[in-house]
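Heads up, the thing below is written out as structure tokens.
The values are calculated or read from the model by the stated rules, or taken from the named source; none is laboratory data. All values derive from a computational prediction rather than experimental measurement. Cβ atoms come from the backbone with ideal geometry, glycine included; neighbour counts cover every protein chain shown.
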Amino acid sequence: MPRRVEKIACVCQGCGRTFQLNPGQVARGRGKYCSAACYHGAHAGEWVEVVCAHCGRKARVRRIYVDRGQYRYCSDDCRLNRLSTPAERERLCVNCGRPFVVRGDQSKRRLHCSRACRTKLVKKRCERCGMVFKTPRVGGNARFCSRGCYLWVTESALQREVREALDALSVRYDRERRVGRYNVDFYLPDYGAALEVDGEYWHGTERQKQRDSVREPALLSRGLRVLHVLGKRVRVVGAIAAVREVLNAVSA
């Protein structure tokens, strides 16, 4: 059976009546008044009535906050709605088209009337491969079905030079091939290898070096050779010569 807690007798500082509270409540400072009416009656002089600077409604707040100049609005909605006009707060949901009203601080970024509309999956067509995919980011930047398609479209200048060099050397390749959890820059089926283009700006950082130290063993474990074309070598001898050097080293 639960142990019975002996209550403590307290005397109300407002009306003088004796009442009982648990020891934990007394320790938290709740043993001064027997009711909210007695508390507010004892502190009546500490509260004043103010007029909201936004909507004009009256509200009761503590005098100390008014003296500090902290209370000018009756609620958070009035405080935030002062930053925008009613017309700016009236929106149409980009998913269902239903009108809704937002709060002042959300007038520029909220696009949906509810969480259900924001998380609802909609169909879009990938700009690179044309495949239809579903995404919850209605009104956002979901333009591609996968990271591979995104990387295909957003290739760097160095990757473009290597791709053109592979075309000039008549080497078969597959761009942004998915291997396990990674995408390789160029998959070379005739060599059973993954060709990675390493620029100094990106692959020279310590964070990327740590990622590469995990990425390369994972590709090797799947039976792929990992070849690297360095950006500084491309600038010295050209993309075609740099790619030929790497492929000749594999064939030797």
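Out of R244, R233, which single residue is part of a helix (DSSP H, G or I), at pLDDT below 90 and surrounded by 12 or more Cβ atoms within 10 Å (Cβ to Cβ)?
Being part of a helix (DSSP H, G or I), at pLDDT below 90 and surrounded by 12 or more Cβ atoms within 10 Å (Cβ to Cβ) holds for just one of R244, R233, which is R233.
May I ask you to verify whether R128 is out of contact with any strand residue (DSSP E or B) (no Cβ under 9 Å at 6 or more places or on another chain), under 30 Å from V214 (Cβ atoms) and among the charged types (D, E, K, R)?
Answer is yes for this residue.
Here are some conditions: (1) in contact (Cβ under 8 Å) with a residue 40 or more places away in the chain; (2) surrounded by fewer than 14 Cβ atoms within 10 Å (Cβ to Cβ). P99 meets all but one. Which one does it not meet?
In the conditions (1) in contact (Cβ under 8 Å) with a residue 40 or more places away in the chain; (2) surrounded by fewer than 14 Cβ atoms within 10 Å (Cβ to Cβ), P99 misses (1) alone.
Let's see how each residue does on (1) outside any helix (DSSP H, G or I); (2) small (G, A, S):
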| position | (1), (2) |
| --- | --- |
| R160 | no, no |
| E164 | no, no |
| D167 | no, no |
| A194 | yes, yes |
| V197 | yes, no |
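Which condition number in (1) of a type in the set (D, E); (2) out of contact with any helix residue (DSSP H, G or I) (no Cβ under 6 Å at 6 or more places or on another chain); (3) within 30 Å of R62 (Cα to Cα) is the one that E127 fails?
All conditions are met except number (3).
So L111 passes all but one of these: (1) assigned to a loop (DSSP other than H, G, I, E, B); (2) farther than 28 Å from R143 by Cβ. Which condition number does it fail?
L111 satisfies every listed condition except (2).
Scan region 189-240 for residues that are among the β-branched types (V, I, T) and touching a helix residue (DSSP H, G or I) at 6+ places or on another chain (Cβ under 6 Å) and report the count.
So the count comes out to 5.
Do any helices (runs of 4 or more DSSP H) entirely within region 21-84 hold 3 or more residues that are closer than 24 Å to V102 by Cβ, and if so, which?
Per the criteria, 76-81.
Just to be sure before I move on: is G199 in contact (Cβ under 8 Å) with a residue 40 or more places away in the chain and more than 23 Å from A168 (Cβ to Cβ) in the structure I sent?
No; evaluated as a whole, the condition is false for this residue.
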